[in-house]
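Each remark here refers to the structure printed beneath this line.
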């Protein structure tokens, strides 16, 4: 009986994505039709839609493999969500940033055009992705959970997720806003961004070791009451909170459930229609192969964005901040929804914060170093014709303001309800309005 329930639970979590497959075939067919009809604008608009779905499907097996690696390393869900899951879903932004820089340097003669379509577009993509991740992903997750998870229809956020990941994101964002204020970025700023991510990883490693200590004590005892575990830890010289101990015990209990064990040992490909058993070889193989394919699709996305910007006569910056950011953030959305539907609310939220921290520190840091290195280590200017890049100041203001409002709403009752989700969608609507108005030349900030 338990095996039947386990199989049903597994199937419930991973049903085939027939709608996703249908949309991919549909968009692929439309791309071919418009391409043969020589409608360049429509062709590249639908290429972006098509590539977004492909990126989603590439990131799913990557996330499965990353989860297997995380479980093999006994990583707690909040740590895995902020590192492996975040990297899995942020790889598109990483390669998009690099290709924006490389294509601009290779194809633009003007320094101002290089800035606008190169590193400026990288900043727009990562900042736009950060706003999408921070606002729209929690909104989508909360809406799905409110209808699908009747026993617990809200996203419950643990204090340590906001205190650790939320504050870390605010600090990284603050450093970014200060750097953008000077509008002249040097290579060593890229080193600073990467160093911040390394410090963040050290904090996560510390949490990871605490979890391991608690689990080791729990495995040695038949009594799994948090208070008795706490007393044992105190005898060994450890001082951990009851909340942390209870969380570690819950994860230990969940990891022993049959359907969880069966799910995490498989990766699902091609819209969940092909199942591959995971082990050390297959997991790292999936990570390597998928990384190459994500790099290829990211280049296609950048190429189509440049052509769309030329066809529509709008700055690449504004297309990057909405279209590219949303297209590259689709994997984050599905990773967080899947985590929440497994009951892992902490993983769903920490993935959002971790992805944003990775975007700011790595996806902006590495392209900045590359851009500066290609230009003989000269600073990267975010000025155009002696003036601040159009749209950059408004993006800075909205990034800081919307992040603060969203974090405050998350902190309230440590929950995301359906009502809050609707408010989040409204906040993102404000951001969309700004981007559209900017692309049409209605605002110049």
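So the values come out like this:
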read-out: Residue list for region 379-398, restricted to those being modelled with pLDDT under 80, assigned to a strand (DSSP E or B) and more than 13 Å from residue 316 (Cβ to Cβ); value: 383, 387, 388
read-out: Enumeration of residues in region 94-121 that are modelled with pLDDT of 85 or more and touching a strand residue (DSSP E or B) at 6+ places or on another chain (Cβ under 6 Å); value: 119
read-out: Any chance residue 350 is at pLDDT below 85, part of a helix (DSSP H, G or I), crowded, with 17+ Cβ neighbours inside 10 Å and out of contact with any strand residue (DSSP E or B) (no Cβ under 9 Å at 6 or more places or on another chain); value: yes
read-out: Matching residues, region 414-437, being over 14 Å from residue 131 (Cβ atoms) and either free of Cβ contacts under 8 Å to residues at least 24 places away in the same chain or surrounded by 14 or more Cβ atoms within 10 Å (Cβ to Cβ) (or both); value: 414, 415, 416, 417, 418, 419, 420, 421, 423, 436, 437
read-out: The one condition in (1) free of Cβ contacts under 8 Å to residues at least 24 places away in the same chain; (2) under 26 Å from residue 297 (Cβ atoms) that residue 405 fails to fulfil; value: (2)
read-out: Flag if residue 161 is under 26 Å from residue 411 (Cβ atoms), touching a strand residue (DSSP E or B) at 6+ places or on another chain (Cβ under 7 Å) and surrounded by 17 or more Cβ atoms within 10 Å (Cβ to Cβ); value: no
read-out: Boolean, residue 252 is closer than 19 Å to residue 69 by Cα, at pLDDT 70 or above and in contact with a helix residue (DSSP H, G or I) (Cβ under 6 Å, 6 or more places away or on another chain); value: no
read-out: Any chance residue 411 is modelled with pLDDT of 85 or more and either assigned to a loop (DSSP other than H, G, I, E, B) or surrounded by 17 or more Cβ atoms within 10 Å (Cβ to Cβ) (or both); value: no
read-out: Breaking point among (1) surrounded by fewer than 24 Cβ atoms within 10 Å (Cβ to Cβ); (2) out of contact with any strand residue (DSSP E or B) (no Cβ under 8 Å at 6 or more places or on another chain), for residue 339; value: (1)
read-out: Pair list, Cβ under 7 Å, 6 or more apart: region 359-384 residue on the phi > 0 side of the Ramachandran plot and surrounded by fewer than 22 Cβ atoms within 10 Å (Cβ to Cβ), other residue part of a helix (DSSP H, G or I) and at pLDDT 90 or above; value: 377/187
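The values are calculated or read from the model by the stated rules, or taken from the named source; none is laboratory data. What you are looking at is a predicted structure, and each value in this text was computed from that prediction instead of being measured. Glycine also receives a Cβ, built like all others from the backbone with ideal geometry; neighbour counts cover every protein chain displayed.
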